[in-house]
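Report on the following structure.
The values are calculated or read from the model by the stated rules, or taken from the named source; none is laboratory data. Keep in mind it's a predicted model, so treat the numbers as computed, not measured. A quick note on method: Cβ atoms are made from the backbone with ideal geometry, for glycine too, and the neighbour counts reach across all protein chains shown. When the accessible area is computed, the model is the full protein with side chains, heavy atoms only, and any ligands, DNA or RNA have been set aside. Shrake-Rupley method; radii C 1.70, N 1.55, O 1.52, S 1.80 Å.
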Amino acid sequence: MKKHDLTAIPIVDSGRRVLSLETLHQAMQPEQRDNPVFIMAGGFGTRLQPLTDHCPKPMLRVGDKPMLEHIISQFISHGFHNFFISTHYLPEVIRCHFEDGSRWNVKIQYIHEESPLGTGGALGLLPKQLPPLPLIMVNGDVLTKLDYTKLLRHHEKQKFDATVCVREEEHRVPYGVIETEEQLITNMVEKPTYRYKINTGIYVLNPEVIASVQLSQRIDMPTLLERHRADGKHIGTYTSYDYWLDIGQMKDYQKAQRDIEVYFKGFDQ
């Protein structure tokens, strides 16, 4: 339809009788996905003070809108509509901006942590009547163009119980590296490159993993996932090569202001 500049096209049967009319607008709409999305937005953002003295970190503006709105818009562009936001620090700022989500034609519910429960503990505060589908969990200070539908398909295809989205990073040492044992040289490597996978703060969790977190239990995600791995659950990874930035420090926040026009121009209009 784009190639031939068509805004509508008829759908016909074998007898060329018109069954329906498909418009370009309809064809461009993403498939609706009922999977819950859980955004962690309760942190204090102390490394971004004084910007966070009166504003929670996820509500700091990147370009013309809060960081958290960019995150939600990214999910909406892939058909997600069922959101939960975990709050703790200055929760009223987040609630007043997003309310129930109807302005974006989505549903937003709030999970408030009276005291910080760790990166995994807030899962225990989620309602018990969640859809029986994998949940996507993301930190509220991550700016990314990750295709969440691909992440979800990978999780389901691999039959993982939990999936950690990772990125490949490398570190080049500009010197010769000497490895020793009891002061004897065992190996000498000239300017080596070390490659490793880092946690992006994005997860897919099956209902059983979520249900394992008790009400008001304090636990971080690495500990939670390691317990399930030790119990024989399949904890896998998905490697993302999409744009990703953890806005935890002032230099990262400044980089986000430069990147937003390059990577996100017209992205969530």
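What is the residue count in region 207-232 for residues that are of a type in the set (A, V, I, L, M, F, W, C), in a loop (DSSP other than H, G, I, E, B) and open to solvent by 70 Å² or more (accessible area, probe 1.4 Å)?
Within region 207-232, residues that are of a type in the set (A, V, I, L, M, F, W, C), in a loop (DSSP other than H, G, I, E, B) and open to solvent by 70 Å² or more (accessible area, probe 1.4 Å) number 1.
Across region 157-196, which residue is surrounded by the fewest Cβ atoms within 10 Å (Cβ to Cβ) among those that are charged (D, E, K, R) and in a loop (DSSP other than H, G, I, E, B)?
Taking the candidates together, the pick is Glu182.
State all residues of region 137-155 that are open to solvent by less than 10 Å² (accessible area, probe 1.4 Å) and over 20 Å from Leu68 (Cβ atoms); if no residue qualifies, say none.
Those that are open to solvent by less than 10 Å² (accessible area, probe 1.4 Å) and over 20 Å from Leu68 (Cβ atoms): Leu152, His155.
With respect to the numbered conditions (1) of a type in the set (A, V, I, L, M, F, W, C); (2) within 30 Å of Lys128 (Cβ to Cβ); (3) open to solvent by 80 Å² or more (accessible area, probe 1.4 Å), which one is the sole condition not fulfilled by Val204?
(3)
Does region 27-82 hold any residues that are within 22 Å of Val262 (Cα to Cα) and acidic (Asp, Glu), and which are they?
Asp64, Glu69
Working carefully through the options Ile247, Ile235, find the one that is in contact with a Phe, Trp or Tyr (Cβ under 8 Å, 6 or more places away or on another chain), among the hydrophobic types (A, V, I, L, M, F, W, C), over 30 Å from Gln49 (Cβ atoms) and surrounded by 14 or more Cβ atoms within 10 Å (Cβ to Cβ).
Unique residue meeting the criteria: Ile235.
Pull up region 108-129, narrow it to residues that are open to solvent by less than 10 Å² (accessible area, probe 1.4 Å) and of a type in the set (Gly, Ala, Ser), then point me to the one that is nearest to Glu226 (Cα to Cα).
The selected residue is Gly120.
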